[in-house]
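Okay, so here's the structure we're looking at.
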Amino acid sequence: MHDPSGRPVGAISSGVMTAGRAPGQTLANAVSRKEWNAYYSRKRIVQQWMQLNLLGTIECEKILEIGPALGLVTSLLVNLGYEVHTLDRVPRAFAYPDVPHLERDICTLRGAEIAGYDAILCCETLEHVAWRQAGAALAAFHASGARYLIISVPYMGFQVALDLYLNRKMFRQYFSMKKLLWRKSFVAEPPGGHQWEIGYRDYPLRAWEKLIKDSGWSIVTREFTEHCRSVFHLLEAG
């Protein structure tokens with residue numbers, strides 16, 4: 001997902017990435033390796049793994065990846081032998097000439113524009129648009145005829161994470177807790193940022209899953225990730 005300037009949201013703050021790059025320009029020309037590694041951090045990488053893990057439970061060949069960011073999932077999908085297309089409202093932030101790219105805004109997307117895919121990936125993207133627009137996008141994904149949809153959005157409901165590692169030379173620990181956010185209202189960020197997050201008073205998980213079902217999808221699997229806290233759903237067209 002990108003902000004209005006064309007930069008992947010949450011990834012690049014230096015302003016070096018623009019939507020006007022020359023065709024074929026590589027990622028190294030657009031952002032530094034340091035910035036790429038900062039985006040795909042140990043904290044965030046579980047989200048990319050979860051997408052591939054859920055995909056591995058279904059039969060599909062042709063995939064539409066929405067909001068490809070800096071291209072890690074795209075490259076993994078290609079490496080796994082999937083036929084991949086990407087979609088974003090701005091040009092891609094990386095060069096991958098064998099992967100077609102569609103420039104579309106998911107807020108105005110029609111199902112017919114993305115017909116012909118077995119599965120759609122839309123992870124850490126829908127929270128950047130208004131709640132009602134997210135519902136319209138889910139409905140458009142359903143109208144495309146895709147059998148499966150994998151989505152994820154931030155989940156800030158009550159949760160505790162504890163991670164310990166110990167050997168003879170190292171001790172490492174991680175602890176986090178989120179609580180009581182169900183009492184608080186989410187404050188929307190400026191356009192391009194998060195407009196809502198699941199777990200706050202106005203956006204409980206049950207409301208999100210109702211929106212999913214009202215859009216025509218059936219929930220096959222629900223998964224949560226820690227560190228970067230998200231809720232994932234594997235959906236099947238009803």
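Read the figures in this text as sums done on the coordinates, not as results from a lab. Fair warning: this is a prediction, and the values are worked out from it, not measured in the lab. In this analysis, Cβ positions are derived from the backbone assuming ideal geometry, glycine residues included, and neighbour counts consider all displayed protein chains.
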Checklist line | In order through the range 48-65: 3J(HN,Hα) via Karplus (6.51 cos²θ - 1.76 cosθ + 1.60), integer Hz, x for Gly, Pro | finding: 5, 4, 4, 4, 5, 5, 5, 4, x, 8, 10, 9, 7, 10, 10, 10, 9, 9
Item checked: Highest to lowest packing among 143-150, 58-65, scored as the average C-beta count within 10 Å -> 143-150, 58-65
Check: With contacts defined as alpha carbon pairs under 8 Å and 6 or more residues apart, what's the relative contact order of the range 27-237 in percent?
Finding: 18 percent
Margin query: So for each of 157-165, 129-137 I average, over its residues, the number of other beta carbons within 10 Å; can you give me the resulting order with the highest mean first?
Written below: 129-137, 157-165
Note to self: From the phi angles alone, apply the Karplus equation (6.51, -1.76, 1.60; θ = phi - 60°) to the range 95-102 and give each ³J(HN,Hα) in whole Hz, x where the residue is Gly or Pro.
What the structure shows: 9, 8, x, 7, 10, x, 10, 9
Next item on the list: Tell me which residues come under 5 Å, amide H to amide H, from GLY199 once H is placed; ignore anything under 5 positions away on its chain.
Entry: MET156, LEU205
Checklist line | Using θ = phi - 60° and Karplus 6.51 cos²θ - 1.76 cosθ + 1.60, couplings along the range 207-223 (whole Hz; Gly, Pro as x) | finding: 5, 5, 5, 5, 4, 4, 5, 5, 8, x, 9, 10, 7, 8, 9, 10, 9
Next item on the list: Would you please state the base-10 log of I(q)/I(0) at q = 0.14, 0.17 1/Å for the range 27-237, with intensities from the Debye formula using one equal scatterer on every alpha carbon?
Entry: -0.89, -1.29
